[in-house]
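Reviewing the structure listed below.
The values are calculated or read from the model by the stated rules, or taken from the named source; none is laboratory data. Quick caveat, the model's predicted, so the values are computed rather than measured. We place every Cβ from the backbone using ideal geometry, glycine too, and count neighbours over all the protein chains shown.
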Amino acid sequence: MPEINPKDQTLKALQGLHLWHAPMSSCSQRVRLTLVETGRPYESHIVRLERDEHATEAYQAIHPKGLVPALVDDGRLYIESIDIIRHLAGGMGGDVDLLALADAAQKDLKLLTFEFLFRANPPQPIDAVVAFQAAHQNEWLKGFRHDFAQGFAPQRLDDAVVRTNEGFVKLDSRLSDGRTFLLGDVFSLNDIAWMPNMHRFHLMGWPFERTPHLAAWFDRVAARPSYQTGLADWQPPELTARFEAYVQERREAGTDIRCSSAFAQKRKPYV
């Protein structure tokens, strides 16, 4: 869905680029990376997911699914990250299949992020949980939050790890011919689409030694200025430290992401 008619009609009067985004949202990171790479200025509207600001009536009038990011370009509203970066990038190009693969990987990334990183955060107070379920209109997201509170089934986590691993192996194979970027010698939207995923799974302690060509690719793209200003600078240092401590705690307990059956290792139950 590249463009939608906004419920909040005041958006149509906005001039220039306006981005509603969250610091740690991988889909928001894609868009910020693209904005930096293309050198396009924008007005930032931060949506604090940890405060459930995406469940407010005002935000859901901007994005009907109550997700981030959302972009307004001279009054025209775009809400899907792949569509947004294609709109912004113009001639940067990109392989449609690789972009689709990155897009399909988002639900597994979200599931594994919540299990292996966000579970480090204190649980929400019950009144906040009830308020979210009452206010948000996205039934899938409400179900996801309920499942997170109850504890994800181990098989669901394993399946997500398997699919994620398959995607990374495909990228590693593509890069095995010595190319610099995913499409060859030219940096493209495909690289942008996958950079946040690599960053996120590095935080989880994913075994990237299994895909050395992909690991080397990430070292190259992470050296680009856009990676720092569009992604890394938005990650609070205290959050990084919390994640590192939690990943180490789970590694010592034998319940970290490396213990998935996808890697043919003996594992303990995740929860």
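State which residue is surrounded by the most Cβ atoms within 10 Å (Cβ to Cβ) when the search covers only segment 38-78 and only residues that are more than 20 Å from the chain's Cα centre (by Cα) and under 29 Å from Ala120 (Cα atoms).
Once the filter is applied, the top-ranked residue is Thr56.
Taking segment 154-208 on its own, how many of its residues are among the aliphatic types (A, V, I, L, M) and under 20 Å from Val31 (Cβ atoms)? Before you say what the answer is, go through the steps one by one.
So the first thing to find is which residues in segment 154-208 are among the aliphatic types (A, V, I, L, M), and the list is 157, 160-162, 169, 171, 175, 182-183, 186, 189, 192-193, 195, 198, 203-204.
Subset that is under 20 Å from Val31 (Cβ atoms): 182-183, 189, 192-193, 195, 198, 203.
Number satisfying all stated conditions: 8.
Taking the criterion of being of a type outside the set (Gly, Ala, Ser) and assigned to a helix (DSSP H, G or I), would at least one residue in segment 58-73 satisfy it?
Applying the first criterion (of a type outside the set (Gly, Ala, Ser)) to segment 58-73 yields 59-60, 62-65, 67-69, 71-73.
Imposing the further condition that a residue be assigned to a helix (DSSP H, G or I) reduces the set to 59-60.
The answer is yes; a qualifying residue exists.
Quick one: in segment 180-235, which of the residues that are touching a Pro at 6+ places or on another chain (Cβ under 7 Å) and either β-branched (Val, Ile, Thr) or not in a helix (DSSP H, G or I) (or both) is nearest to Thr38 (Cα to Cα)? Quick ask: steps written out before the conclusion?
We begin by selecting, within segment 180-235, every residue touching a Pro at 6+ places or on another chain (Cβ under 7 Å); these are 231, 234-235.
Subset that is either β-branched (Val, Ile, Thr) or not in a helix (DSSP H, G or I) (or both): 231, 235.
Values: Leu231: 15, Gln235: 21 Å.
Here the answer is Leu231.
Residues checked against (1) on the phi > 0 side of the Ramachandran plot; (2) surrounded by 14 or more Cβ atoms within 10 Å (Cβ to Cβ):
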site: Gly90; (1), (2): yes, no
site: Asp95; (1), (2): no, yes
site: Glu115; (1), (2): no, yes
site: Ala120; (1), (2): no, yes
site: Glu139; (1), (2): no, no
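Could you tell me whether any residue of segment 202-216 is in contact with a helix residue (DSSP H, G or I) (Cβ under 8 Å, 6 or more places away or on another chain), at pLDDT 95 or above, farther than 21 Å from Val162 by Cβ and not basic (Lys, Arg)?
yes
Anything in segment 79-88 that is of a type in the set (A, V, I, L, M, F, W, C) and either surrounded by fewer than 19 Cβ atoms within 10 Å (Cβ to Cβ) or part of a loop (DSSP other than H, G, I, E, B) (or both)? List them, or say none. Even if it seems obvious, please write down each step before you answer.
So in segment 79-88, the residues of a type in the set (A, V, I, L, M, F, W, C) come out as 79, 82, 84-85, 88.
Correct list: Ile79 only.
Quick check on my filter: what residues within segment 7-34 are farther than 14 Å from Val68 by Cβ and buried (at least 20 other Cβ atoms within 10 Å of the Cβ)? Write out each step before concluding.
Start the filter on segment 7-34 by keeping residues that are farther than 14 Å from Val68 by Cβ, which leaves 7-17, 33-34.
Once the filter is applied, which keeps residues that are farther than 14 Å from Val68 by Cβ and buried (at least 20 other Cβ atoms within 10 Å of the Cβ), segment 7-34 yields Leu33, Thr34.
Please tell me if Val130 is surrounded by fewer than 13 Cβ atoms within 10 Å (Cβ to Cβ) and either under 24 Å from Ala215 (Cβ atoms) or modelled with pLDDT under 95 (or both).
Values: surrounded by fewer than 13 Cβ atoms within 10 Å (Cβ to Cβ): yes; either under 24 Å from Ala215 (Cβ atoms) or modelled with pLDDT under 95 (or both): no.
Considered against the rule, which asks whether it is surrounded by fewer than 13 Cβ atoms within 10 Å (Cβ to Cβ) and either under 24 Å from Ala215 (Cβ atoms) or modelled with pLDDT under 95 (or both), Val130 comes out as no.
In segment 89-104, which residue that is of a type outside the set (A, V, I, L, M) and part of a helix (DSSP H, G or I) is farthest from the chain's Cα centre (by Cα)? Before the answer, list the steps.
Residues of segment 89-104 of a type outside the set (A, V, I, L, M): 90-91, 93-95, 97, 103.
Subset that is part of a helix (DSSP H, G or I): 90-91, 97, 103.
Details: Gly90: 22, Gly91: 24, Asp97: 18, Asp103: 10 Å.
Top of the filtered list is Gly91.
Between a first residue in segment 210-232 that is touching a residue at least 60 places away in the same chain (Cβ under 8 Å) and a second residue that is assigned to a loop (DSSP other than H, G, I, E, B), which pairs have beta carbons less than 7 Å apart while being 6 or more apart in sequence or on different chains?
Sorted first by the residue in segment 210-232, then by its partner, the list stays empty.
Can you name every residue in segment 17-57 that is in a helix (DSSP H, G or I), among the hydrophobic types (A, V, I, L, M, F, W, C) and within 19 Å of Tyr227 (Cβ to Cβ)? Walk me through it before giving the result.
The initial filter retains those residues of segment 17-57 that are in a helix (DSSP H, G or I), namely 26-38, 49-51, 53-55, 57.
The next check asks that each one be among the hydrophobic types (A, V, I, L, M, F, W, C); those that pass are 27, 31, 33, 35-36, 49, 55.
Result: Cys27, Val31, Leu33, Leu35, Val36.
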